[in-house]
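Notes to accompany the following structure.
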Number of protein chains: 2
Amino acid sequence: MPFFSKQFKLAKQLSTVQLIVLFYVVAVAFSTIVLSMPFFKAEGASLSFIDTLFTAISAISVTGLTVASTAETFNAAGHIALAFILQFGGIGIMTLGTFIYILFGKKIGIRARQLIRQDQNRTTLSGLVKLMLKILQLILIIELIGTVILSTYFLSYYDTWTEALIQGFFGAVSATTNAGFDITGNSLIPFADDYFVQFINIVLLILGAIGFPVLIEIQDLIRGKEHGINEKHAFSLFTKLTTITFFGLIVVGGVLIFLFERTHFFADKSWHESFFYSLFQSATTRNGGLATMDMNQFSVPTLLMMSGLMFIGASPSSVGGGIRTTTFAIMLLSIFSYAKGNETIKVFGRQISQVDIMRSYIVITTAAMLCIASTIVLTVTEDFSALAILFEVASAFGTTGLSLGITPELSVVGKFIIMFLMFVGRIGIFSFLFIIRGKEKKDVFRYPTEKIIIG
Amino acid sequence: MPFFSKQFKLAKQLSTVQLIVLFYVVAVAFSTIVLSMPFFKAEGASLSFIDTLFTAISAISVTGLTVASTAETFNAAGHIALAFILQFGGIGIMTLGTFIYILFGKKIGIRARQLIRQDQNRTTLSGLVKLMLKILQLILIIELIGTVILSTYFLSYYDTWTEALIQGFFGAVSATTNAGFDITGNSLIPFADDYFVQFINIVLLILGAIGFPVLIEIQDLIRGKEHGINEKHAFSLFTKLTTITFFGLIVVGGVLIFLFERTHFFADKSWHESFFYSLFQSATTRNGGLATMDMNQFSVPTLLMMSGLMFIGASPSSVGGGIRTTTFAIMLLSIFSYAKGNETIKVFGRQISQVDIMRSYIVITTAAMLCIASTIVLTVTEDFSALAILFEVASAFGTTGLSLGITPELSVVGKFIIMFLMFVGRIGIFSFLFIIRGKEKKDVFRYPTEKIIIG
Ligand SMILES: [K+]
Ligand SMILES: [K+]
């Protein structure tokens with residue numbers, strides 16, 4: 001009964017997207033309530049409803065754009081509550097993000113599929129729970145190690161061990177979930193000269209944004225070695241493609257920041273300062289949203305390029321947003337293939353399916369039009385430079401969280417547009433189009449194909 | 001012998017692209033020499049070599065970006081020479097543009113193909129000549145009518161009939177070829193209150209930018225009616241798609257300019273002034289490059305949107321540049337089709353081929369990356385706002401010719417980047433990729449297809 005099984009599959013797909021939306025609505029509502037509790041607020045601090053909603057969406061989508069200083073608005077209990085919300089948001093996103101891809105039949109490594117495919121190769125709810133527990137386990141291990149390292153190290157920074165612990169815990173969670181929130185009051189600027197803290201943060205940011213399938217394949221590799229298994233470990237095409245793109249973007253971004261700022265922000269800096277500023281600010285566009293400096297100090301070319309990097313975002317099935325690394329990689333590969341006169345895209349001994357290429361392009365162009373339209377509307381409603389607005393839009397869509405500082409001054413309309421972008425950037429254009437799309441229609445009749453002139 | 005016929009076809013395709021490049025190099029060299037002639041210069045005026053080269057490329061690509069005032073740099077004889085260069089550029093582009101599409105087997109209406117397909121359905125050089133003569137004939141008729149109307153009308157503007165004739169002639173040629181050059185010294189700003197001149201200009205701009213296949217099909221329709229032929233006249237899919245997109249963009253652009261400027265530039269203007277400013281400035285982004293006002297008076301949202309409109313550009317097989325209307329239309333249609341759950345794009349009782357959709361996306365993304373990269377590099381080399389640079393880049397790639405006035409102040413590197421963009425925008429990304437691409441390779445072996453995660 002191929003017809004019925006198709007119907008059944010469709011129903012499952014639709015309900016998964018609905019599940020994501022439902023997760024969002026419930027999670028945001030819950031977080032808004034939690035964050036509006038008076039006993040989580042710092043003394044004398046208050047937050048309007050729309051700003052609380054904004055903070056909740058920013059937290060659940062682990063973006064990190066803030067309309068009010070997290071350090072000054074919430075107290076220590078509030079910071080711990082916020083860390084749990086970030087945790088919840090990050091893991092929920094990673095789980096549902098992975099789940100939807102598996103449902104769509106995407107190959108994300110045999111291990112990931114084995115985890116949630118059970119009887120008769122069908123995806124079940126218990127598979128989803130299993131997946132979530134696996135992700136939770138991986139993330140918690142990473143965060144635990146991060147917390148221990150950072151808290152211990154922070155003993156030299158803070159007076160009390162409780163403060164060192166809270167800072168270390170929040171820092172590790174915010175970095176691993178790529179949340180971009182900070183309770184230092186000034187992002188990672190206090191650690192601008194502390195390369196150790198920056199290094200630990202970069203590692204945590206990367207582990208969170210590199211994608212769950214990559215993490216699980218690396219874990220398998222390590223375990224295989226531990227157990228002395230010598231069979232050849234094969235990384236999936238997904239892992240190879242996303243990892244190379246991920247690090248490629250960090251390297252290219254870092255080199256360009258270094259070159260663009262050589263005669264500007266880096267003019268009076270040593271080579272190692274310049275190197276770390278470049279590296280950290282490039283890595284943070286992959287999704288972290290933390291920064292070791294005020295973005296306003298960068299020159300225009302750097303800010304434009306960083307907007308592009310944020311738009312691309314992180315790996316799929318990670319805590320990150322944007323159009324995703326694989327989408328960008330497939331676009332580049334398809335242009336190169338075309339320019340070389342190849343009919344198909346071949347990479348790592350595999351062929352990319354025509355459907356995936358088409359979807360990549362749909363994701364990229366829809367995302368670009370969405371960001372351009374948002375930028376234009378915001379230049380109407382807001383009184384900031386087009387560059388600051390573009391940067392904010394790219395940051396929201398990429399759920400990165402970097403800003404030129406305009407977030408708190410946005411108008412109500414502006415805040416809603418940014419909230420919408422954080423939502424779409426988080427669930428991904430692919431899922432977004434799936435929410436608004438109708439039922440898949442089999443062609444019952446065909447028109448003659450007519451070729452047409454393209455640019 | 002399918003193999004040999006394939007080889008033969010490939011050789012033809014490659015040589016056509018080479019023909020276009022050759023046409024460019026020769027035409028630019030010739031124009032540079034002509035424009036450097038001292039007896040074409042106004043008294044006391046001079047132009048450096050790079051500025052002459054810039055003017056020549058701008059003229060041959062009928063862009064209209066100028067590093068020096070055309071009115072003040074050249075004398076009357078120089079203006080007539082320039083008009084011939086624009087004519088040559090415009091017709092050459094339209095001919096070669098149409099020719100390459102026919103070679104690629106694109107359906108651009110049966111009449112266009114009949115013109116150049118002769119014995120055994122093969123495209124021949126005599127077909128190319130025939131096509132060029134047909135285009136020349138159509139353009140000359142349009143320009144002649146334009147010259148007569150404008151010159152007669154200009155008798156009330158200018159003191160002598162020779163000046164009215166030169167202004168009318170240059171105006172008609174510049175408008176029809178969408179060249180964007182002016183010898184008023186101030187674009188069409190002197191006619192900001194003259195709706196008749198604006199109307200005639202809009203009509204001429206549209207006739208030049210709507211595409212040759214559309215013109216020829218309209219001519220057939222008119223001739224059929226003249227001869228009382230009652231058989232149903234069928235427009236090609238290309239004509240329908242490009243015409244609807246063309247006018248759709250003008251309407252949307254006009255409405256948005258009207259809304260964006262309501263409280264800005266139009267604040268002290270009457271409804272009919274606002275209407276004509278909106279209409280003209282929207283229509284001119286389709287490729288004209290003439291303007292009835294200083295672009296600097298527009299607000300940021302309008303300038304951003306106009307950059308987008310210029311990037312899209314005119315119809316294929318026209319005198320215009322950019323990614324072309326059909327490319328943009330296919331992108332929109334494919335996103336809508338996907339969102340509606342359709343497997344294929346159906347429009348006007350025809351199906352768009354998968355290859356054309358893919359090519360559209362390659363054209364759009366390559367063009368976007370080229371423009372973004374150019375903008376970033378120019379923000380490094382130039383001292384202007386990112387907005388002014390983006391506007392200039394979009395104008396050069398769209399070969400539109402509008403500017404916020406930075407063209408004459410560009411650095412040498414900046415001028416070369418803009419020249420390159422005018423060149424690529426003119427021949428089109430599709431042809432550009434074809435120049436740099438290798439021979440088409442048949443797949444001799446296949447890799448297994450592996451699905452991957454997309455945004
Ligand atoms: K973030
Ligand atoms: K033009």
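The values are calculated or read from the model by the stated rules, or taken from the named source; none is laboratory data. This one's a predicted model, so the numbers in the text were calculated from it and none came from an experiment. Here the Cβ positions follow ideal geometry from the backbone for every residue, glycine too, while neighbour counts run over all protein chains shown.
A few remarks follow.
- Test for B:THR400: is it hydroxyl-bearing (Ser, Thr, Tyr) and within 11 Å of another protein chain (Cβ to nearest Cβ): no
- Scanning region A:387-421 for residues that are within 16 Å of ligand 1 (Cβ to nearest atom) and β-branched (Val, Ile, Thr) turns up A:VAL393, A:THR399, A:THR400, A:THR407, A:ILE418.
- Taken together, the residues in region A:232-248 that are more than 14 Å from every other protein chain (Cβ to nearest Cβ) and in contact with a helix residue (DSSP H, G or I) (Cβ under 6 Å, 6 or more places away or on another chain) amount to 1.
- Filter pass, A:SER360 being in contact with a His (Cβ under 8 Å, 6 or more places away or on another chain) and either within 16 Å of ligand 2 (Cβ to nearest atom) or not β-branched (Val, Ile, Thr) (or both): no
- Residues in region B:193-221 that are crowded, with 20+ Cβ neighbours inside 10 Å and in a helix (DSSP H, G or I): 17 in all.
- Taken together, the residues in region A:163-192 that are assigned to a helix (DSSP H, G or I) and touching a residue at least 40 places away in the same chain (Cβ under 8 Å) amount to 9.
- Filtered residues of region B:168-197 (kept if out of contact with any Asp or Glu (no Cβ under 7 Å at 6 or more places or on another chain) and among the small types (Gly, Ala, Ser)): B:GLY168, B:GLY171, B:ALA175, B:ALA179, B:GLY180, B:SER187, B:ALA192
- Scope region B:297-337; condition hydrophobic (A, V, I, L, M, F, W, C) and within 16 Å of ligand 2 (Cβ to nearest atom); matching residues: B:MET306, B:LEU309, B:MET310, B:PHE311, B:ILE312, B:ALA314, B:VAL319, B:ILE323
- Consider region B:422-455 and keep the residues that are modelled with pLDDT of 85 or more and within 14 Å of chain A (Cβ to nearest Cβ). The one that is nearest to the chain's Cα centre (by Cα) is B:GLY425.
- All of A:PHE212, A:PHE199 fail the test of being within 30 Å of A:PHE154 (Cβ to Cβ) and modelled with pLDDT under 85, apart from A:PHE212.
- Summed over region B:345-386, the residues that are within 7 Å of chain A (Cβ to nearest Cβ) and on the phi > 0 side of the Ramachandran plot give a count of 1.
- Tally of residues being over 30 Å from B:GLN137 (Cα atoms) and crowded, with 19+ Cβ neighbours inside 10 Å across region B:53-88: 2
- Scanning region A:242-264 for residues that are crowded, with 20+ Cβ neighbours inside 10 Å and farther than 23 Å from A:LEU332 by Cβ yields one hit, A:GLU261.
- Residues in region B:336-368 that are at pLDDT 85 or above, aliphatic (A, V, I, L, M) and buried (at least 20 other Cβ atoms within 10 Å of the Cβ): B:ILE357, B:ILE362, B:VAL363, B:ILE364, B:ALA367.
- Residue that is farthest from the other protein chains (Cβ to nearest Cβ), among those in region B:48-59 that are away from ligand 2 (no atom under 12 Å from the Cβ) and hydrophobic (A, V, I, L, M, F, W, C): B:PHE49
- Some residue of region B:214-227 being in contact with a Ser or Thr (Cβ under 7 Å, 6 or more places away or on another chain) and either farther than 20 Å from B:ILE200 by Cβ or without any contact (Cβ under 8 Å) to a residue 60 or more places away in the chain (or both): yes
- The C-beta contact set for region B:19-46 (first residue touching a residue at least 24 places away in the same chain (Cβ under 8 Å), second residue not in a helix (DSSP H, G or I), distance under 7 angstrom, 6+ apart or interchain) comprises B:PHE40/B:PHE74; B:PHE40/B:ASN75; B:LYS41/B:PHE74; B:LYS41/B:ASN75; B:ALA42/B:PHE74; B:ALA42/B:ASN75.
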